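What follows draws every value from the coordinates through simple rules; no lab data is involved. No experiment lies behind these values; they were computed from the predicted model shown. FYI the Cβ positions are ideal-geometry reconstructions off the backbone, even for glycines, and counts take in every protein chain you see.
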């Protein structure tokens, strides 16, 4: 009950911080510039071309698309962090074979999946606003899409195995292997050429940094609250099942 109260408080506070960051992004933050984007084909956008060269058509990034940044980036980073927590508990399960670690890993995967879906939605909105298209198969988007498919495959795998011990073991191994894609997706824009912007590469004014940090803190609070509430729900379910088995005996 105490953990549930803490989770509710974190959910409310995190939601308020995220909402505050949203309004700060529109009313106090400066226009964040990420330079230009060069594409091979002319985009269907209301924004004029900055230049045309042998490399392609060069566009400036629209100011309003950067407002999505204050929600999109915190959600994306939360998805990576919570995914890491799931992999950590998966390793703990394989070492100890304690069921509680499998449950914690699965709850973290469920929480991470929520953030992954939100990242994909906000990412496509940003791509549409910035590039005039809904999707582009560039390195960051491609690797993150692969991570999304791997996360969905994790739940498909678990639901396809009836034996509890094998389900937990296979799920743990798959979660650890799937997590390898997370650091690849995070660092790939820093390793190879990509049209996806790199956060902080060009610096950030304080009016931009404050709402970003507020949104990040708020999003992590929301993530922890969701995880804690799901764990409480799972514990309650297991207790009910235990009582049912005792009554049947």
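Points to keep in mind about this one:
- Contour excess over end-to-end distance, with Cα ends at residue 156 and residue 20 and 0.36 nm allotted per residue: 45.2 nm
- Separation in nanometres of the label points that stand 7 Å from Cα toward Cβ, at residue 217 and residue 184: 3.6
- When you count the other C-beta atoms within 10 angstrom of each residue and take the mean per peptide, 234-242, 105-113 line up highest first as 105-113, 234-242.
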